[in-house]
Amino acid sequence: MKYFFTADEHYGHSNIIGYCDRPFATVEKMDEELIKRHNEVVGSEEVVFHLGDFTMKDSSEAEKYIKQLNGKPVFIKGSHDENWMEKNLFHTYNEIWEGEIENHYIVLCHYAMRIWPRSHYNSWQLYGHSHGKFAGTGKQMDVGVDTHNFYPYSLEEIEEIMKTKKDNINKLK
């Protein structure tokens, strides 16, 4: 099984184009391109962790986007998801997710943390929210679409990036 991680898609949010200087003329073009790039790399049976700010739309609009995307979604609540997540009967969500994936202990949250579960054992923390404006420390990484040419990251890509990062500040010696 393959795993992918992404954040901050902001489907249907026209103002995000200006806020983040995204290279799209309209929100429809942005949504179309995000869906296209997602589906170029994610297969139907692969797990995709969406780390918040999926959409500000209501649950019926959110479901329209979800149905267009390949993969099995796991949602982490962001700062703009309250309009649809708590009313959606089809998908569950987490505020924080933590667990082991292919021998990597990973903590997922929309927000970057200073210290996170098992960080003293060099666990990873993946986040969004900052739209590439915060590099993180140690084994931390912003997986938002603005940091990866509007594509989700594969686990393999993250593994290669994590090899280049310093140890967590509280890693046990």
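Every read-out reported here was derived from the displayed coordinates using simple, explicitly stated rules and does not represent laboratory data. Bear in mind that the values here come from a model prediction, so they are computed numbers and not experimental data. Cβ placement follows ideal geometry from the backbone for every residue including glycine, while neighbour counts extend to all protein chains displayed.
Assorted remarks:
- Dipole of the chain, positive end: most advanced residue of Phe54, Tyr93, Trp124 [Cβ charges, Cα centre]: Trp124
- Distance between the modelled labels on Ile96 and Tyr19, one decimal in nanometres: 2.4 nm (7 Å Cα→Cβ projection).
- For the chain, the dipole from Cβ point charges (+1 on Lys and Arg, -1 on Asp and Glu) about the Cα centre works out to 620 debye, to the nearest 20.
- Applied to region 96-113, the Karplus parametrisation 6.51 cos²θ - 1.76 cosθ + 1.60 on θ = phi - 60° returns per-residue 3J(HN,Hα) values of 9, 10, 9, x, 9, 10, 6, 6, 10, 7, 10, 10, 10, 7, 5, 9, 5, 10 Hz, with x for Gly and Pro.
- Of the residues Phe49, Phe134, Phe150, the one that moves most in a GNM of the chain with alpha-carbon contacts below 10 Å is Phe134.
- Among the listed pairs Lys133/Lys171; Lys29/Lys87; Lys87/Lys165, a Cα-Cα separation exceeding 32 Å is found for Lys87/Lys165.
- Whole-Hz couplings from phi, Karplus 6.51/-1.76/1.60, listed for region 118-129; x for Gly and Pro: 6, 4, 5, 9, 6, 5, 9, 10, 9, 8, x, 6
- Between amide H atoms placed 1.01 Å from N, distances below 5 Å from Ile101 occur with Ile106, all of them 5 or more places distant or on a separate chain.
- Net length gained if the chain between His120 and Lys87 were fully extended (0.36 nm per residue, minus Cα distance): 8.2 nm
- Think of the chain as having a plus end and a minus end, set by charges on the Cβ of Lys, Arg, Asp and Glu; of Ile161, Asn70, His110, Ile161 sits farthest toward the positive end of this dipole.
- Label positions at Thr164 and Lys36, each projected 7 Å from the Cα along the C-beta direction, are separated by 2.7 nm.
- Extension gain for Ser60-Ala135 works out to 23.6 nm (0.36 nm per residue, less the C-alpha to C-alpha distance).
- Per-bin percent of Cα-Cα distances, region 3-163 [10 Å]: 11, 43, 36, 10, 0
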